[in-house]
Amino acid sequence: MLEPISISLSSLNMDLLIPMAVLAFGALCIICIDIFTKNLTKSFYVAFTLLFLFLDFTALISIKGPDRGFFNVLLVDGISVLGQGIILITSALFILTVLSNKPFKEFKKAEYYAIFLFMIVGFQFMVASDNLILIFLGLETASLSLYALIAMHNRDKAFEAAIKYFTMGALASGFFAMASLIFYTLTGSIELSTISKVLVANSFSPGLLILAGVSFMLIALGFKLSIVPVHTWLPDVYEGSSAPLAGYIAVVPKIAGLVVAVRFFDIFLAHHIMWVENILILVSVITMTLANITALVQEDVKRMLAFSSIAHAGFVLTAIMVGNTQAYSAIFLYWILFMFTNMGAFTMLWIARHKRNLWDSRYQHPFVKFSGMAKVAPMMATIFGLFMFTLAGMPPFSVFWGKLYVLGTVVNSGHEGLAVIMVINSAIAVYYYMKLMVYMFLKEPITEDGNIYEANMTVSLKLIVGATIIFTITASLFVEPILNLITRLIGTSSI
């Protein structure tokens with residue numbers, strides 16, 4: 001006969017669930033509102049979504065961690081708070097881009113906002129746990145929602161992008177499940193902290209099974225981090241998505257993957273398992289080099305930025321290999337600085353978006369579209385140019401400080417050769433960013449109407465561009481306090 005189990009509510013520490021519960025409740029409210037009241041404007045849904053994002057963020061920073069909760073599967077520590085913070089800020093920037101000038105059908109549907117909130121809940125669960133099952137559930141919730149958001153753009157390219165992203169996600173889920181199965185077989189646990197203790201006690205043997213488990217996990221996370229060779233379809237996903245959603249995909253799934261990767265690979269790097277370190281070095285070098293070389297030959301700015309984001313992910317992956325507090329601080333500093341610049345650049349593409357492709361039968365934003373832009377829309381060209389300078393890592397703009405800190409971390413760890421490769425890759429990246437500058441400032445205009453580059457402009461898009469460009473230019477004033485905050489939070493983490 002089964003004995004009753006008594007669990008006190010206080011022992012579950014339900015406070016840690018509040019941030020995710022807030023957004024889930026918000027999503028359900030949107031669905032209910034849509035049932036009873038039709039024809040609400042997209043402005044209402046944007047304001048409603050922003051309200052719940054704000055409540056979520058308030059609940060998150062109110063948590064006194066580090067702490068565990070809900071049968072110990074939730075882990076809210078410094079890394080978790082940083083990851084969730086980046087996700088929520090990026091989400092708030094993204095949802096404002098919905099208020100565009102051109103009418104797009106997906107933004108009129110309440111389902112779009114409900115699915116968007118459910119997606120964020122999934123990403124939050126991914127970064128707020130070291131339990132492989134909960135991470136998997138978070139991964140699936142976020143991925144399935146993201147496929148739907150991509151497909152709702154309602155174009156042939158969007159459907160193709162959604163199908164390709166779904167296929168990539170299905171493969172990632174399969175590899176994640178196989179890796180989890182191997183580590184459960186070896187350790188009898190699905191919690192990374194317990195897996196670490198058992199592997200250390202067994203001196204990381206049997207080696208072949210652990211190698212298989214690490215390889216499967218690297219491939220699974222590689223789909224989210226867009227590392228080579230599993231990045232193949234990602235530029236097509238960017239091309240089929242709306243520009244803001246492409247910018248969102250370049251930031252949020254990657255930070256969720258980075259947090260999980262930090263927790264997982266720290267098991268091995270903290271004990272100086274050299275073959276894991278060597279695999280990470282090889283993957284990061286191939287990822288940034290191949291992505292940078294491929295970006296050189298792109299004809300479309302959005303695809304160029306897609307390969308650029310893959311190269312940035314490879315650059316940051318080197319810090320995971322170092323595996324100490326300075327390195328983990330470098331990851332989050334880099335990604336915060338990159339997030340603002342990247343969202344600003346994609347918002348600029350969104351502002352220049354038309355319902356139909358005017359310059360190329362396939363691409364929305366071919367390089368030729370921006371020919372002579374500086375002569376007919378000088379302010380737009382200057383802002384876009386500043387974003388390109390920043391992504392290239394030019395001082396004193398924001399991403400420069402992130403690159404400098406990651407490079408310093410790699411050099412301090414004794415990997416001078418890797419640092420040289422990273423510098424060479426940064427030099428290669430300058431070429432394709434400057435290619436757009438050449439088109440904007442040195443080519444003759446293809447139109448005398450500068451308004452054509454502001455077709456989708458609204459006040460909210462101006463606010464996003466204004467906020468991101470100010471942060472990008474003045475980032476040197478904020479780098480030290482941001483880094484101090486990150487280091488303090490990393491110090492409270494379980495790694």
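When restricted to Cα atoms, the range 1-114 yields an Rg and a Dmax of 17.8, 65 Å, respectively. Adding -39500 (n - 2.57) for every DSSP H run of four residues or longer, then dividing by how many residues the chain holds, sets the calculated 222 nm ellipticity at -25000 deg cm²/dmol. Put simply, the C-alpha atoms of the chain give a gyration tensor, and the ellipsoid matching it has half-axes of 36, 28, 20 Å, longest first. Relative intensity of the range 63-150 on a log10 scale, I(q)/I(0) at q = 0.20, 0.24, 0.26 Å⁻¹, equals -0.93, -1.17, -1.28, per a Debye sum over C-alpha point scatterers of equal strength in the absence of solvent. Rolling a 1.4 Å probe over the heavy atoms of the protein chains gives the range 341-495 an accessible area of 43 Å² per residue. Taken over the alpha carbons of the range 410-471 as equal point scatterers, the Debye sum produces base-10 log I(q)/I(0) values at 0.14, 0.27 Å⁻¹ of -0.73, -1.05. Based on Cα atoms of the range 441-488, Rg over Rh with Rh as the Kirkwood radius reads 1.24. For the range 61-103 and the range 310-329, write down the distance between their C-alpha centroids in whole Å. Measuring centre to centre over Cα atoms gives 21 Å.
The mean sequence distance of close C-alpha pairs (under 8 Å, at least 6 residues apart), as a share of the length of the chain, puts its relative contact order at 16 percent. What translational D, rounded to a whole number of µm²/s, comes out for the range 349-482 from Stokes-Einstein when the hydrodynamic radius is the Kirkwood one over Cα pairs, at 20 °C and 1.002 mPa s? Translational diffusion coefficient: 129 µm²/s.
Here the contact order of the range 204-349, divided by its residue count and restricted to Cα pairs under 8 Å and six or more residues apart, works out to 29 percent.
Surface analysis of the range 1-135 yields an accessible area of 46 Å² per residue, using protein heavy atoms and a 1.4 Å probe. All other residues whose Cβ lies under 11 angstrom from that of residue 172 are scored, Lys and Arg at +1 and Asp and Glu at -1, for a net of 0.
For the range 346-469, averaging the sequence separation of C-alpha pairs within contact (under 8 Å, six or more residues apart) and dividing by the residue count gives a relative contact order of 44 percent. Sequentially through the range 147-161, phi angles give Karplus couplings (6.51, -1.76, 1.60; θ = phi - 60°) of 4, 5, 4, 5, 5, 5, 5, 6, 9, 4, 5, 5, 5, 4, 5 Hz, Gly and Pro residues having no value and appearing as x.
Largest first, the three principal axis extents of the alpha carbons in the range 225-325 are 44, 24, 20 Å in whole numbers. Just the protein heavy atoms count here, and of the accessible area of the range 13-66 at 1.4 Å, carbon and sulfur take up 74 percent.
The accessible surface of the range 363-471, taken with every protein chain in place and a 1.4 Å probe, is 71 percent carbon and sulfur. When a 1.4 Å probe is rolled over the protein heavy atoms, the share of accessible surface on the range 142-272 that falls to carbon and sulfur comes to 70 percent.
Any lysines with Cα under 20 Å of the residue 42 Cα? List them, leaving off those in the same chain fewer than 8 positions away. Answer for residue 42, where 20 Å is the Cα cut-off: 102, 105, 108, 109, 355, 462, listed by chain and number.
The translational diffusion coefficient of the range 1-63, from Stokes-Einstein at 4 °C and 1.567 mPa s with a Kirkwood hydrodynamic radius over alpha carbon pairs, comes to 92 µm²/s. Taken over the Cα atoms of the range 294-393, the convex hull encloses 104 Å³ per residue.
Sequentially through the range 70-76, phi angles give Karplus couplings (6.51, -1.76, 1.60; θ = phi - 60°) of 6, 6, 6, 8, 8, 9, 10 Hz, Gly and Pro residues having no value and appearing as x.
Karplus-derived 3J(HN,Hα) values for the range 182-191, using 6.51 cos²θ - 1.76 cosθ + 1.60 with θ = phi - 60°, are 4, 6, 5, 4, 6, 10, x, 9, 10, 9 Hz; glycine and proline are entered as x. Net charge of the neighbourhood of residue 38, taken over other residues with C-beta under 12 Å away and scored Lys/Arg +1, Asp/Glu -1, is +1.
The values are calculated or read from the model by the stated rules, or taken from the named source; none is laboratory data. For clarity, every value in this text was computed on a predicted model and none was experimentally measured. FYI the Cβ positions are ideal-geometry reconstructions off the backbone, even for glycines, and counts take in every protein chain you see. Protein only, heavy atoms only, side chains kept; ligands, DNA and RNA dropped before computing areas. Shrake-Rupley method; radii C 1.70, N 1.55, O 1.52, S 1.80 Å.
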